Amino acid sequence: MVTTGTRERLVTTAQRLFASQGVGPTSPRQVLEASGVGQGSLYHHFPTKHDLAVAAVGATVDEALTAARRDLEGDGSDDPGGGVEALDRVVAYVTRPREALAGCKVGRLTSDQAVMDDDGLRDVVTAYFVRLLAAVTATLREAGLPADAARDRAHAAVAVVQGGYVLARATGDEDAMRAAVRGFVALLAPEARR
């Protein structure tokens with residue numbers, strides 16, 4: 001009997017392998033061996049590598065977006081106007097502890113040619129960034145920024161996080177990301193918001 005736990009183990013294993021070596025170079029056999037699941041179970045749940053990739057990339061995107069939304073969405077009960085509290089949530093998003101040297105699991109997918117050449121996989125990654133930017137923009141609008149300024153700062157916030165990963169990996173120094181984030185947060189100071 002094939003269980004839901006088996007499917008989840010296959011997806012989780014594929015996520016881990018895709019993050020470490022990319023979608024293109026990862027074979028279904030590697031996922032099978034690393035998961036400890038039987039071959040029949042793999043092909044029952046995922047008849048093709050593409051099916052497995054869609055599930056694993058989708059799960060990675062969902063997890064990343066859920067984490068970002070936890071930081072960005074709040075009830076605003078501490079501040080009836082939402083301004084300061086909303087800005088604090090953007091700061092929480094950019095300053096959340098991250099494994100800088102590992103790189104962003106979603107951001108790295110944009111460098112994976114197997115992902116970018118596949119319309120379905122590329123669309124999943126694109127949708128992540130579109131939804132993330134919308135969430136950051138909405139939080140900045142809640143902080144009182146005009147629409148254009150909120151959109152621009154949302155792009156800057158996401159770019160700082162993604163760029164922080166790149167700088168940390170390129171220099172081998174986790175503090176490169178923290179420095180980029182500190183610089184961005186300093187620019188978000190109340191006197192610099194307008």
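Could you check how much of the accessible area of the range 1-157 is carbon and sulfur, as a whole percent, using a 1.4 Å probe?
52
Across the chain, how large is the tail of the calculated P(r) beyond 23 Å, expressed as a percent of all Cα pairs?
Cα-Cα pairs in the chain separated by more than 23 Å: 50 percent.
Hey, can you find the accessible area per residue of the chain for me, probe 1.4 Å, expressed in square angstrom?
Result: 52 Å² per residue.
Below 8 Å between Cα atoms, with a sequence gap of 6+, how large is the relative contact order for the chain in percent?
21
Report the accessible area of R9, computed with a 1.4 Å probe over the heavy atoms of all protein chains in place, in Å² rounded to the nearest 10.
Here the accessible area works out near 110 Å².
Could you size up the charge dipole of the chain around its Cα centre, putting +1 on the beta carbon of Lys and Arg and -1 on that of Asp and Glu, and report it in debye to the nearest 20?
It works out to roughly 300 debye.
Could you sort the peptides 52-63, 139-150 by per-residue average Cβ neighbour count (10 Å cutoff), highest mean leading?
52-63, 139-150
Rounded to the nearest 0.05, what FRET efficiency is calculated for Q30 and A102 with R0 set to 22 Å and r the Cβ-Cβ distance?
It comes to 0.70.
The values are calculated or read from the model by the stated rules, or taken from the named source; none is laboratory data. Quick caveat, the model's predicted, so the values are computed rather than measured. Neighbour counts are summed over all protein chains in view; Cβ atoms, including those assigned to glycine, are modelled from backbone coordinates with ideal geometry. Only protein heavy atoms, including side chains, enter the accessible area calculation; ligands, DNA and RNA are left aside. Shrake-Rupley method; radii C 1.70, N 1.55, O 1.52, S 1.80 Å.
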